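Rule-based calculations on the coordinates, nothing more; no lab input. What you are looking at is a predicted structure, and each value in this text was computed from that prediction instead of being measured. As a convention, Cβ positions derive from the backbone with ideal geometry for all residues, glycine included, and neighbour counts pool all protein chains shown.
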């Protein structure tokens, strides 16, 4: 029995489901001779009660390795300073040999990934040549823009590893032989690989129990989470191994009712306080109106002498504009000019005779 956050697995039932699935896969493989040596994946299908609010990726260490030793694993590393891509490749190969890591088949530095695997066909070839990809956690965030979407569509995105760890061999072995569960916030179903058809029934059941315990412990939700758990392969029907009881739903309903009652009580309190506030404000307004209605002595305004408006004298310009212009003289009787007047005066002076003195 495995129990964690309300998830209780019956080991005997799980083992029966695993044996039935393995018998189905064997019968199918005998029909088609091309797939005699090929192993099929065995996965767990989780169905949750509620859609999570945030997406989450859960690393699941398994007691029994789910990948065969023939799987090809590629490791992306960072560029070491003052070293070429070949020198960094040799440096990390030596480091892995010293730490006792034997599962890595190819090491690709970040600089080589940017230059040699830049074309589309080179990326597709890289994706098909390896079964799993690991990456140094120092360059993990830089890889998506260089790898492309096909790594993520095929679910072969690189998993980060700390290459500076003291227990590097153990950490890499856990990542390679373990599994991961991607909890999406767009649906209530998620799947994780826990074994293959070549494993024994006991090994698969132990992996299933370990996976269920870690998932139930690491899910970022409260209360009962798991609704259904199925076991299936790529070509088989999903076999149920866990079905949650509905007893916890009554507890949830009671909790919801209690929360609704609390909300109603809060609303009633707020309404009462509003009513008391309105009554107090009404009394204040009435008191103010009564004070305003009291007789107020009227003030008599003082008569001020009215000043007569001063008459404005018209300016000289306006007088000149209003003055009538003299009528123009006729052509025959022209007015004498100033020159003729002066000439007349001089003539009169000359004609005057001065008396002689005897």
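Simple spin-label estimate for residue 182 and residue 95 gives 2.7 nm between the two label positions (7 Å along the Cα-to-Cβ direction from each Cα). Using R0 = 35 Å, the C-beta based FRET efficiency linking residue 222 and residue 165 works out to 0.60. Please report the base-10 log of the normalised intensity I(q)/I(0) for the range 67-177, using a Debye sum with one equal scatterer per alpha carbon and no solvent, at each q in 0.11, 0.12, 0.19 (1/Å). So the normalised log intensities work out to -0.32, -0.38, -1.01.
Once R0 is set to 45 Å, what does the formula 1/(1 + (r/R0)^6) return for the Cβ-Cβ distance between residue 71 and residue 259, expressed as a FRET efficiency to the nearest 0.05? In this case the efficiency is close to 0.30.
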